[in-house]
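A.B. asks: The following block contains the structure, expressed as structure tokens.
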Amino acid sequence: MEKVIIVKHPLILHKLTRMRNRKTGSKDFRALLKELSSLMTFEITRDIPTRKIKVETPLGTMISGETVEHSNLFCIPIFRAGIGMVEGVLDVIPNARVGHIGMYRDPETLQAVKYYSKLPTGLSSDGRVLIIDPMLATGHTMVAALDLIKKAGAVNLRIMCLVAAPEGVAQVRKHHKDVLIYTAAVDERLDENGYILPGLGDAGDRIFGTR
Ligand code: URA
């Protein structure tokens, strides 16, 4: 399996285009982010195991299937913008357990500084962990988050973002080769402030209307 999966689907493209549009306000931006997070979760969970079970329909009995891992699915948003994706993930995996990591980018060094972390217990080899952040920019924050989550015992990790920069993808690949990256797009490059070009601007500001 490729380590960077660009999820291509007309609905994903359409919604992402609307999010990129500078005229899209916070209310719509948040709704689109939530919808896109659900759609991306569909793809990222495509290979979770299922087992056969018998089900009685109103008209008969058949062998159908169910997923086996629901309570073993973890979703870890990175503050601030990752918070905007949680509901979309939980809409499709209601039993996922949610951890939180707070990191900010030092504006001078662009390095990640942790200020909060609350991870669920039970992160271990049989758990599947989705780390969510709409933007994979320099990759420094993501690498630091992955370090932290692996230290807590997780081994099966996937990143879910919407827009990635080639620099961020390379940074994650350099430090965490085993981690799969799911994204809706890989854009051109970073600017001198670590923003993705053309990107969609500051995701946190657009979600929360802070600018
Ligand atoms: N974070 C954002 O919100 N946007 C970017 O372009 C890069 C990092």
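The values are calculated or read from the model by the stated rules, or taken from the named source; none is laboratory data. Every value quoted in this text rests on a predicted model; they were computed, and no experiment measured them. Cβ sites come from the backbone with ideal geometry, for glycine too, and all protein chains shown count toward neighbours. These area figures cover heavy atoms from the full protein model, side chains too; ligands, DNA and RNA do not enter into them. Shrake-Rupley method; radii C 1.70, N 1.55, O 1.52, S 1.80 Å.
A.B. asks: In segment 137-147, what residues are open to solvent by less than 40 Å² (accessible area, probe 1.4 Å) and either away from the ligand (no atom under 11 Å from the Cβ) or over 16 Å from the mean Cα position of the chain (by Cα) (or both)? Steps first, answer last, please.
C.D. replies: Step one: of segment 137-147, the residues open to solvent by less than 40 Å² (accessible area, probe 1.4 Å) are 137-139, 141-146.
Listed by number, the residues that qualify are 143, 144, 145, 146.
A.B. asks: Is it true that some residue in segment 178-201 is hydroxyl-bearing (Ser, Thr, Tyr), open to solvent by less than 50 Å² (accessible area, probe 1.4 Å) and over 30 Å from residue 13 (Cβ atoms)? Write out each step before concluding.
C.D. replies: Initially, segment 178-201 is screened for residues hydroxyl-bearing (Ser, Thr, Tyr), giving 182-183, 195.
Within this subset, residues satisfying the condition of being open to solvent by less than 50 Å² (accessible area, probe 1.4 Å) are 182-183.
Next cut, over 30 Å from residue 13 (Cβ atoms) only: none.
Taking every residue of segment 178-201 in turn, none turns out to be hydroxyl-bearing (Ser, Thr, Tyr), open to solvent by less than 50 Å² (accessible area, probe 1.4 Å) and over 30 Å from residue 13 (Cβ atoms).
A.B. asks: Considering segment 145-173 alone, what residues qualify as being free of Cβ contacts under 8 Å to residues at least 60 places away in the same chain, closer than 22 Å to residue 88 by Cβ and charged (D, E, K, R)?
C.D. replies: Residues satisfying the conditions do not exist here.
A.B. asks: Right, something else. Among residues belonging to segment 108-117 that are closer than 16 Å to residue 135 by Cα and out of contact with any Gly (no Cβ under 8 Å at 6 or more places or on another chain), point out the one that is most open to solvent (accessible area, probe 1.4 Å). Full working, then the answer.
C.D. replies: Here is the first cut: in segment 108-117, the ones closer than 16 Å to residue 135 by Cα are 110-112.
Filter once more, so that each one left must be out of contact with any Gly (no Cβ under 8 Å at 6 or more places or on another chain): 111-112.
On the way: 111: 89, 112: 30 Å².
This residue is 111.
A.B. asks: Additional query: What about residue 49, is it within 16 Å of the ligand (Cβ to nearest atom) and modelled with pLDDT under 90? Lay out the reasoning, then the answer.
C.D. replies: Numbers: within 16 Å of the ligand (Cβ to nearest atom): no; modelled with pLDDT under 90: yes.
Here the answer is no, as residue 49 does not meet what is asked.
A.B. asks: When you check residue 155 against the structure, is it of a type in the set (Val, Ile, Thr), touching a helix residue (DSSP H, G or I) at 6+ places or on another chain (Cβ under 7 Å) and open to solvent by 30 Å² or more (accessible area, probe 1.4 Å), yes or no?
C.D. replies: Details: of a type in the set (Val, Ile, Thr): yes; touching a helix residue (DSSP H, G or I) at 6+ places or on another chain (Cβ under 7 Å): no; open to solvent by 30 Å² or more (accessible area, probe 1.4 Å): yes.
Here the answer is no, as residue 155 does not meet what is asked.
A.B. asks: Next question, about the same structure. Restricting to segment 192-210, count the residues that are in a loop (DSSP other than H, G, I, E, B) and within 8 Å of the ligand (Cβ to nearest atom).
C.D. replies: Here the count works out to 6.
A.B. asks: Looking at 107, 77, which is the one that is at pLDDT below 95 and closer than 30 Å to residue 192 by Cβ?
C.D. replies: Working: 77 fails: at pLDDT below 95.
Just one listed residue meets the conditions, 107.
A.B. asks: Examine segment 15-28 for a residue that is crowded, with 16+ Cβ neighbours inside 10 Å and small (Gly, Ala, Ser), and state whether such a residue exists.
C.D. replies: Among the residues of segment 15-28, not one is crowded, with 16+ Cβ neighbours inside 10 Å and small (Gly, Ala, Ser), which makes the answer no.
A.B. asks: Ok, one more. Could you check how many residues of segment 154-170 are more than 9 Å from the ligand (Cβ to nearest atom) and farther than 19 Å from residue 130 by Cβ? Give the derivation first.
C.D. replies: Of all residues in segment 154-170, those more than 9 Å from the ligand (Cβ to nearest atom) come to 154-162, 164, 166-167, 169-170.
Pick out the ones that are also farther than 19 Å from residue 130 by Cβ and you get 166-167, 170.
Total satisfying the criteria: 3.
A.B. asks: Quickly run through segment 43-58 and pick out the residues that are among the charged types (D, E, K, R) and surrounded by 12 or more Cβ atoms within 10 Å (Cβ to Cβ). Walk me through how you get there before you give the answer.
C.D. replies: Here is the first cut: in segment 43-58, the ones among the charged types (D, E, K, R) are 43, 46-47, 51-52, 54, 56.
43 - this is the single residue of segment 43-58 that is among the charged types (D, E, K, R) and surrounded by 12 or more Cβ atoms within 10 Å (Cβ to Cβ).
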